[in-house]
Structures are given as structure tokens and as C-alpha cells.
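Read the structure below first, then the notes.
The values are calculated or read from the model by the stated rules, or taken from the named source; none is laboratory data. A quick note: this is a predicted structure, and the numbers were derived from the prediction, not measured. Positions of Cβ are backbone-derived with ideal geometry, glycine not excepted, and every protein chain shown enters the neighbour counts. Just so you know, the surface numbers come from the protein's heavy atoms only, side chains and all, with ligands and any DNA or RNA stripped out. Shrake-Rupley method; radii C 1.70, N 1.55, O 1.52, S 1.80 Å.
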Amino acid sequence: MIERTLSIVKPDAVAKGHLGAILSRFEKEGLKIVAAKMTWLSRPKAKEFYAVHKERPFFNSLVEFMVSGPILVSVLEGENAIKKNRELMGATNPANADPGTIRKDFAENVERNAVHGSDAPETAAIEIAHFFSGLEMSNYKRV
Ligand code: ADP
Ligand code: MG
């Protein structure tokens, strides 16, 4: 099934200049970038985005990290895009991530872990709507 998923290159990876390398992996694996923008989250918006984690001990630290610098948000489209992106990302903790995954290659630790990716169709739809309107998504043919 053709799906869309939300990807974020987090502030750690943007600051270290890994933006191009990370987006390149999506392109190489056939995930089509149908929307993309750089933005800098406000605290309220970061808290809203990660609301599911608000009871977790790392919540405040995670929010501070996510507002510490600009991020690159994009919408990736393709066959099983949600799962495919999660596979390319690797495990949440880079110490447990498989070789060749984004987090293995670019993440610092379990918090500063380079990328976000939606985990299910329902969350993907909600997360995409946080950042993009339908008009901001481009339908072009990957050749
Ligand atoms: P994922 O991003 O792989 O879906 P989660 O949804 O569980 O992982 O967590 C959201 C984000 O919260 C992670 O990407 C990471 O930045 C941060 N995080 C998760 N677990 C921890 C932890 N134990 N300590 C600090 N930060 C964490
Ligand atoms: Mg998650």
C-alpha cells in the first residue's frame, strides 16, 4: 500500500550537517519526498507533537532538545513508507541500531537520535497535519 509518513531530521543532525546524507538515504531507497521544510519548533508545538510521551521521565529534556535548533520536516511517500522509514532509521537507541541505519551512523544517544519517523498510519496522518496542509504536498513522478 502506498503510504505517507512524517520524517524529522532532528536538531543534532541538522547542526552536524547530516541533512543531505539523511535525505539521500530516503531518495536512494525509493521514498519520495513530497513535502519538505526547515522550521524551528516552539516549546508549545514541541510539547504538542510529543504529547504521547508527556508522562515519561525524559519528556522535558526531549522538548528542550527539540527546540534547541532548526529541524527539517518532510513527508515521505511510497510502498509501506511507514515501516520502510522506521527500518532505515534503526532502533531508538543508536547503541541497539543495526549497522547501516541512520541512527547507527548519525545519532549521538537515545535522546539525540538524529531522526523521527511516524510509527503507524493514524499517527502519520496526525503528525503530517502538524506541519503541512494538503496543498503543500507535491505529486510528481519518481523516475
Ligand atoms: P522513536 O523516535 O524511535 O519512535 P519513541 O517514540 O519511544 O522513539 O521516543 C520518542 C523520542 O524520545 C525518541 O526518538 C528520543 O528522542 C526520545 N527518547 C526515547 N526514549 C528515551 C530515553 N530513554 N531517554 C531519553 N530520550 C528518549
Ligand atoms: Mg515514536
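Hey, can you find the accessible area per residue of the chain for me, probe 1.4 Å, expressed in square angstrom? Provide the component values of the computation, followed by the final result.
Numbers: 7490 Å² over 143 residues.
I get 52 Å² per residue for this part.
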Using a Gaussian network for the chain with springs between C-alpha atoms less than 10 Å apart, which of these wobbles most: Gly100, Gly90, Gly117?
Gly100
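Taking the square root of 5 times each eigenvalue of the Cα gyration tensor, what semi-axes in Å does the equivalent ellipsoid of the chain have, largest first?
Working: eigenvalues 96, 65, 40 Å².
Three semi-axes, in Å: 22, 18, 14.
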Counting only backbone N atoms under 15 Å from a point 7 Å out along Cα-to-Cβ of Glu111, the residues of region 62-76 in range are 62-69
When the helix-only estimate is applied to the chain (DSSP H runs of n ≥ 4, each -39,500 (n - 2.57), divided by the residue count), what is the mean residue ellipticity at 222 nm, nearest 500 deg cm²/dmol?
-10000 deg cm²/dmol
Relative contact order in percent for the chain (Cα pairs under 8 Å, 6+ apart) equals 37
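Go through region 63-143 and name the trypsin sites (Lys or Arg not before Pro) that are in a DSSP coil and have 15 or fewer other Cβ atoms within 10 Å of their Cβ. Can you show the working numbers first?
Working: sites: Lys83, Lys84, Arg86, Arg103, Lys104, Arg112, Lys141, Arg142; in loops: Arg112, Lys141, Arg142.
Passing both the DSSP loop test and the Cβ count: Lys141, Arg142.
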Could you list the chymotrypsin sites (Phe, Trp or Tyr not before Pro) in region 35-143 that lie in coil according to DSSP, counting only those with at most 10 other Cβ atoms within 10 Å of their Cβ?
Tyr140
Counting other Cβ atoms within 10 Å, which GluC sites (Glu not before Pro) in region 26-119 have at most 12 and lie in a DSSP loop?
Glu55
Taking the dipole of the chain about the Cα centre (Lys, Arg +1; Asp, Glu -1; charges at Cβ), the one of Leu31, His53, Ser118 that reaches farthest to the positive side is Leu31
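If you rank Thr101, Thr92, Thr39 by how much accessible surface each has, with a 1.4 Å probe, what is the order from largest down? Please report the intermediate quantities before stating the final value.
Values: Thr101 10, Thr92 70, Thr39 45 Å².
Highest to lowest solvent-accessible surface, that is Thr92, Thr39, Thr101.
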In debye, nearest 20, what is the charge dipole magnitude of the chain about its Cα centre with +1 on Lys and Arg Cβ and -1 on Asp and Glu Cβ, if you could check?
220
Round to a whole number: what % of the accessible area of region 38-114 belongs to carbon and sulfur, probe 1.4 Å?
51
If you count only protein heavy atoms and use a 1.4 Å probe, how large is the accessible surface of Ser61, to the nearest 10 Å²?
60
Using a 1.4 Å probe and ignoring any ligands, DNA or RNA, find the accessible area of His130 and quote it in Å² to the nearest 10.
40
